[in-house]
1. Which trypsin sites (Lys or Arg not before Pro) does region 140-182 hold that lie in a coil by DSSP with at most 14 other beta carbons within 10 Å?
2. Among A134, L96, T114, whose Cα lies farthest out toward the positive end of the dipole of region 77-139, if unit charges sit on the beta carbon of Lys, Arg (+1) and Asp, Glu (-1)?
3. For D36 paired with S97, estimate the spin-label separation in nm (one decimal), with each label point 7 Å from Cα along the Cα-to-Cβ line.
4. With just the Cα atoms defining each centre, how far is region 61-105 from region 127-150? Give it in Å.
5. Which FRET efficiency value, to the nearest 0.05, do you get for D86 and R53 by plugging their Cβ-Cβ distance into 1/(1 + (r/R0)^6) with R0 = 35 Å?
6. Of all GluC sites (Glu not before Pro) in region 79-169, which ones are in loop regions per DSSP and have a Cβ with at most 15 other Cβ atoms within 10 Å?
Amino acid sequence: MPWGRRPPGARPVSAAKEAASRQRRYDPDRRERLIDVALDVIAEHGVAGTTHRKVARAADVPLGSIGYHFDGIDGLLAAAFAKLADATADGFEAALSAAEHPAAAREAVVGLITGDLLGDRRNALLTYELYTAAARRPGLRSVTDAWMARSRAALDRHFDPATAAMLVALIEGLSIHRTLAL
């Protein structure tokens, strides 16, 4: 049958639906979009309520796209949480790299604790979902380990290693308490 012709008895396809179908086939940013949408779904439903179907539906892509771009739900979660962790670590590093002397480093730490280290409430919820999931899923544990290593490295430039390790725990713990108080 020639291209563009319908088989006899087939229902007509609207031009808009046909155009949308063609547009979705070439979607070079689909993987990144799926990661962003996965973070939205996790924020709304938690890790336990996040499924391939929910992410595909929210991203308006075929369900098979998830399997094409990620190795199961754990692969999707790891990519989504890695994006969150990298963005948060970038902010952490930026705050500490601006410190040119010890007093400025101490002020930067106070700013991280009292400021918006985790961003808005959505990012805070995502962070706690990551912590909880990482306690049981080794693939996600590597995401938190890499994040904490970056945080410690940023602090190591200004503090001895033992103090830097304690400051990471202090900052994370106080951030949790601040978020839960909102």
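1. Of the trypsin sites (Lys or Arg not before Pro), the ones in loops of region 140-182 whose Cβ has at most 14 other Cβ atoms within 10 Å are R157.
2. A134
3. 2.4
4. Region 61-105 and region 127-150 have Cα centres separated by 11 Å.
5. 0.85
6. Hits after loop and neighbour filter: E100.
Values in this text are rule-based calculations from the coordinates and carry no lab data. None of these values were measured; they are calculated from a predicted model. When we count neighbours, we look across all protein chains shown, and the Cβ atoms used for this are built from the backbone with ideal geometry, even at glycine.
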